Structures are given as structure tokens and as C-alpha cells.
Amino acid sequence: MRSLPQVDLIVVELRERAPHALVVHAARCAIDLYRTEISNGSPAPSFDEVVERAEQLLDARRRTDLQPVINATGVLIHTNLGRVPLGKRQLESVTEIARGYSNLEYDLEAGRRGSRYSHASALISTLTGAEAALVVNNNAAAVLLTLAALGTNKEVIISRGELIEIGGEFRMPDVMSMSGTRLVEVGTTNRTHLADYERAIGAETGAILKVHPSNYKVVGFTSEVPTRDLAELARGRGLPFVYDAGSGFIDDGRPASLAPGEPSINQALAEGVDLITFSGDKLLGGPQAGVIAGRSDLLGRVAKHPLLRALRVDKMTLAALEATLIAHLEGSAEELPLWSLAGVSGEELHARARHLAATLSTDDLKAEAIASQAVTGGGSLPGRAFTSWAVALNHAEINADQLQELLRGAAIPVVGRIVDDRLLLDLRSVFPEQVDVLVDLVREALAQKP
């Protein structure tokens, strides 16, 4: 312990690298780390080793913790990796608005305060056929706000088969409870009929809620009530019919094969849904946001609820969302990164995989192009798989877990998936310009192996 250098001596060596306070902090942390290691039986370090460690800590502290990664998992909407990437048009829109002042809450025509929610609402209405729309910070917030505005201290009817759990162990019953509504479950896990809803309606009923199970499938002996029938029932009883559509698929003319069987927002509204909620950062292909669309009179009640202030979106989200909506309206959604990745042909991915495998293969590293299955992910299109190609890596000296750990520590971290003790780099979720970057990152990572 006495052989460890004083903090001041390390500060002298690194004083040109950063502000004094940061250098002092790094020096103290380095010494503390070595004290712990010495206490555990490690030998005392040299002076140069302590300086080097302090320098590493200083560099790490000056880097932001949030950093880009290469997604080689084959999961297109990967919640842990930031869900949907934004494209050129979306980023340009964000930059233009974020770099200076904007008319976020200013009516340029009237010369007075305006509403931040008006910027995207007209585009959403045009795209979906809704009378009005409102944007909040995510879809769970959209559901919470809608139920709080329409059903506080009232009963909300929902099928037992739709009491879903979303990411992070958050569950629909919990969201409903926090909104101040009283949950009324009808039907069974696998089968719910119109008569179940009819029997549950009473004097305390505030709304009927339908939830699209966008992150799972129930197959076999199943039955659910069609949206049109529920809308007719709700209308006849004078109740709002709310539909949580989750992933938010917009029917904008894209091939149906990209989202087979997925109900569209347009279709649900046309069938009589009063208010529909959906995510902006799933199948819409935009930033994290929650959209509420439908009847203008009901949206007016939602917009006046105090929770809206706590759930509002900022200017950068709105800028990216506007660009996303315009892409759909123009029929150019395939330019959005999500749909660009989803639309690459299997032949093209096969060619990229063969190139990457041939470039990476060495005596120690076996790299093989193999057929793979990619998925949408992010609680969207359960059971829908995309034909894909991956490069399977197998190293002579280290196992797949160790190889993955090395790649996670690369200059640009790379995240793949492990199958049969091989690390797979699935190219369905890798941008074409990242393929050659992967070569350098794998080689640099292997150079760091013990």
C-alpha cells in the first residue's frame, strides 16, 4: 500500500489532458482500485501502471455513456438497442428545429401562443382518417391519459385475453389502475364473445377497451370479438370505444406481405373505433411517441386532462415524427430505416454474408455464411419471421460468450446472438455501410483477447 504514489504525482503527469478537477478524480479512483486489488493479494503496480490506469479512467469519464452500437441480432425493432433507427430526412428535420428557435408553441399567423400538438395532428388525421389526434411521449402514456380522461372512477371493460404485459414487467391492469379506472374482465384467456361485453355493461361503465396483442399470439381454440361489432355495441350504449393498437401499422399502400394479418390504424378507425392509441417507434418507423387519434370531441376531453402536461413531447420528437408521417403520406416509407432493412432481398443479404465470411476467415477464426431467421421484435408482428443471412463465427481459442464480450467492448460495440456455441452476426439488422466496418471491429476485438 505504501508503494502507491501520491495523487499529486499522478496529477502532474496528466495535467495537460483535462481540467484539474477531472484529473484529480481519475487519479484518486485509480489508486482506490489498486488498493482493493492489493488487499485481494495482487502485487503492487508500478508508477507508470497507475498513471496509465488513471488515464484510462479519465478517457472513459469524458465519453458519453450512451453510444451507438451495431445491431447484428437480427431483431429489427430491438427495444434494448433503441428500437427504430431514424433516417436522413428525420434527422435533418430534428437538426433544423433543435439548432435554434422554432414555432413550437407559437401561432405565426395569429402572432400569439399556439399549441405544440397541432404540428403533427393534421398529418396524423390525413394519414389515418381520424377527426383529430394528439401526441404524447409513448403508447403506455397514451393509454394512461385516455383512460384517465374518459374513465376515472368508472368501469372499463376488457377481455381477459387482452390483459397483456409489455416490456419491463409493466402490465395493462396496472396501467388501468393508475388511470383511476376500475377493471372489468370478461370472457376467458382464449375465447371472448360479444355477449360477454353486453352482460358487463352497467350504470358504472365508462368505456370499452380493446387491446391488440401485438407482442404475442394465442392460437388454437380461440375467439375474439371483431372491432366492428364492438364499435357497434359501444355506439348503441353511448360508450366510448378505445382501441390500444400497440405497434401502429399504417396502411399506406406498402405490400401486405411486410405485415401479414396486422390490423391497420386506418381500418380500425373506419370500423368505428372512437379513440385509438399506438406507438411512433414501432411499425410507424419514427421516434418514441404515443399517438391518440379519433373523435374530436373525445380528444378535446383528453387534451384538457392535467396529465397531458406531464406526458408531453418535446420539439425534437415532433420534428422527427412530422418527417416520418410525411414519408408515409408521400408513399416513401420504404426509405425509413426500419422498412429499408425489412425490404432487403434474401439474395442481397446472402451476397453480403458471403463477402463478410470470406473477409473474416483466418486460421483461428472460422466464419461461415448461413441462412437465418430475423424477427421484427419490439412487441410487433409476433410469429412473423424474415428470411435472412448471418455470419457464424467460431474461434479456435475462445468460446462464443468470450467472443461476444470482446465485440461488446469494441470501439463501436457489436451485439450478435449465440446459437449452438457460435456467435451469429445477422445481417438483416445491419446497415450495408456497416458490413465493412464489422470486419475492422472483429479484427480489433480479437487483437484484445487474452
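In segment 7-62, taking the dipole from charged Cβ atoms about the Cα centre, the farthest positive-side position among Ala54, His20, Leu33 is held by His20. For a paramagnetic label modelled on Asn190 (point 7 Å from Cα along Cα→Cβ), amide N atoms under 15 Å away belong, within segment 209-249, to 217-224. Distance between the pseudo-spin-label points of Ser42 and Glu232 (7 Å out from Cα toward the beta carbon): 7.3 nm.
Within the shell of other residues whose beta carbon sits under 15 angstrom from the beta carbon of Leu4, the net charge comes to -3, with Lys and Arg scored +1 and Asp and Glu -1. Taking amide H as placed 1.01 Å from N in the peptide plane, the amide H of Ala132 sits under 5 Å from that of Gly294, Ser296, each at least 5 places away or on another chain.
Place a +1 charge on the Cβ of each Lys and Arg in the chain and a -1 charge on the Cβ of each Asp and Glu, then give the dipole magnitude about the Cα centre in debye, rounded to the nearest 20.
Details: 45 positive and 57 negative charges, 228 e Å.
Charge dipole of the chain: 1100 debye, to the nearest 20.
Normalised by residue number, the volume inside the convex hull of the Cα atoms of segment 276-341 is 91 Å³ per residue. With contacts taken as Cα pairs under 8 Å and at least 6 residues apart, segment 7-62 reaches a relative contact order of 42 percent.
Expressed as a fraction of 2.2 N^0.38 Å, the rule-of-thumb size for a compact globular protein of N residues, what is the C-alpha radius of gyration of segment 88-333?
Working: Rg = 18.0 Å, N = 246, 2.2 N^0.38 = 17.8 Å.
Relative to the 2.2 N^0.38 Å estimate, segment 88-333 comes out at 1.01.
For the chain, averaging the sequence separation of C-alpha pairs within contact (under 8 Å, six or more residues apart) and dividing by the residue count gives a relative contact order of 19 percent.
The local environment of Val51, defined by Cβ-Cβ distances under 14 Å, has a net charge of -4 under the rule Lys, Arg +1 and Asp, Glu -1. In the chain, taking the dipole from charged Cβ atoms about the Cα centre, the farthest positive-side position among Ser42, Leu163, Pro5 is held by Leu163. For His78, the residues whose modelled amide H falls within less than 5 Å of its own, excluding neighbours fewer than 5 places apart on the same chain, are Arg83. Of Thr152, Thr376, Thr324, the residue with the greatest mean-square motion in the GNM of the chain, using alpha carbon springs below 10 Å, is Thr152.
Over the C-alpha trace of segment 109-237, radius of gyration and Dmax come out as 16.9, 60 angstrom.
Considering only chymotrypsin sites (Phe, Trp or Tyr not before Pro) in DSSP loops that have at most 14 other Cβ atoms within 10 Å, the longest stretch of the chain without any of them is 222-450.
A straight line joining the Cα centroids of segment 177-251 and segment 407-434 runs 40 Å. Say each of Asn80 and Gln434 gets a label point 7 Å from the Cα, pointing the same way as Cα to Cβ; how far apart are those two points in nm? Rounded to a tenth, the inter-label distance reads 1.5 nm. Dividing the convex hull volume of the alpha-carbon atoms in the chain by its residue count gives 203 Å³ per residue.
In straight-distance terms, cross-link reach from Lys282 covers every one of the lysines whose alpha-carbon lies under 21 Å from its own, apart from those fewer than eight places away in the same chain; here that gives Lys88, Lys210, Lys217, Lys315.
So if we plug the beta-carbon distance of Asn399 and Ser118 into 1/(1 + (r/R0)^6) with R0 = 56 Å, what FRET efficiency do we get, rounded to 0.05? Don't skip to the end; give the middle numbers.
Working: r = 56 Å, r/R0 = 1.00.
Step by step, r from the Cβ atoms, then E = 0.50.
Between the amide H of Arg417 and those of Leu424, Asp426, distances stay under 5 Å, these residues lying 5 or more places away or on another chain, with hydrogens modeled in the peptide plane.
Throughout, read-outs are computed from the coordinates displayed, never taken from laboratory work. Predicted model only: the values in this text are computed from it and were never measured. Quick reminder, even Gly has a Cβ in these numbers, built from the backbone with ideal geometry, and neighbours come from all protein chains shown.
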